[in-house]
Amino acid sequence: MYIKERKYIIAIIVLVVIVLVTIWYFRVGYLLRKPEMPHANIEIQTQMVDGGTINLRNANYTEKEIKVGYEVKGFSLKEYNISCKLYNDGNLISTSGSTGGGLIELDEKHYYFVGFENIDENDLPDSLNLKVEISVIPNDSGQKPIPASFNVNLDKESGA
């Protein structure tokens, strides 16, 4: 009977270790992974500006929104703000003057931004000649913003 009890104790210890490792992974381990940049869905357009690089990597146009994804490298968010404006045939689409969105910090001075604009109430054509204007704005008011403009033609995707 002593051998059976030992087997149960070993099985319980192994089970507890597996549970603890699983809990650690979901609470802490996945945070240690480096974030990844989404794959590009358009031909990547690049501009080098004042010691940094700005890449337009993604653009989508649906009935409800226009979404762009762009990479900014070489500028610290402690020293600069990033702004994105969208135009169609020279007309500003971004109602606030700058898109809302998200941020993925890839590395020091290396970021991926997602900018989107809700367009429920805008009457836009099925095909856009989209101009994406990304500005790197220094926190020092004595310096001028650093602009980068990209053009991309987008067709409206059907919402499924």
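Worth a mention:
- In degrees, nearest ten, helix 2-27 long axis to first principal axis of the chain (Cα): 10 degrees
- Lysines with Cα under 30 Å of LYS156, excluding same-chain neighbours fewer than 8 positions away: LYS64, LYS67, LYS73, LYS85, LYS131
- For ILE119, residues with placed amide H under 5 Å, excluding near neighbours: GLU65, ILE66
- Eligible aspartates and glutamates near LYS34 by straight Cα distance, threshold 18 Å, same-chain separation 8 or greater: GLU71, GLU105, ASP107, GLU108
- Between the exposed loop cleavage positions of the chain, defined as trypsin sites (Lys or Arg not before Pro) in a non-H, G, I, E, B DSSP state with at most 13 neighbouring beta-carbon atoms within 10 angstrom, the longest gap is 79-160.
- Loop exposure criterion: GluC sites (Glu not before Pro), DSSP state outside H, G, I, E and B, at most 16 other Cβ atoms within 10 Å. Applied to the chain, the longest stretch between such sites is 122-160.
- Over the stretch 25-82, relative contact order from alpha-carbon pairs under 8 Å, at least 6 apart, %: 23 percent
- The stretch 38-88: proportion of alpha-carbon pairs further apart than 19 angstrom, %: 34 percent
- 3J(HN,Hα) couplings calculated from phi for the stretch 43-52 with the Karplus curve 6.51 cos²θ - 1.76 cosθ + 1.60 (θ = phi - 60°) are, in sequence order, 5, 5, 10, 10, 9, 9, 9, 6, x, x Hz; Gly and Pro show x.
- Accessible-area composition of the chain, carbon plus sulfur, in percent [1.4 Å probe]: 54 percent
- With the helix formula -39500 (n - 2.57) applied to DSSP H stretches of n ≥ 4, the chain reaches a computed 222 nm mean residue ellipticity of -6000 deg cm²/dmol.
- Relative contact order of the chain: 21 percent, from C-alpha pairs under 8 Å at least 6 residues apart in sequence.
- 5 angstrom amide H check on ILE93, placed H, neighbours 5+ away: LEU86, TYR87, ASN88
- Cα gyration tensor shape for the chain, rounded if a/c is under 1.5, else prolate or oblate: prolate
- Among LEU92, LEU20, LEU103, the largest mean-square fluctuation in a Gaussian network model of the chain, built with springs joining Cα atoms closer than 10 Å, belongs to LEU20.
The values are calculated or read from the model by the stated rules, or taken from the named source; none is laboratory data. What you see is a predicted model; the values in this text were computed from it and never measured. Here Cβ is always computed from backbone atoms with ideal geometry, including for glycine, and neighbour counts include all displayed protein chains. To get the accessible areas, we keep the full protein, side chains included, count just its heavy atoms, and leave off ligands, DNA and RNA. Shrake-Rupley method; radii C 1.70, N 1.55, O 1.52, S 1.80 Å.
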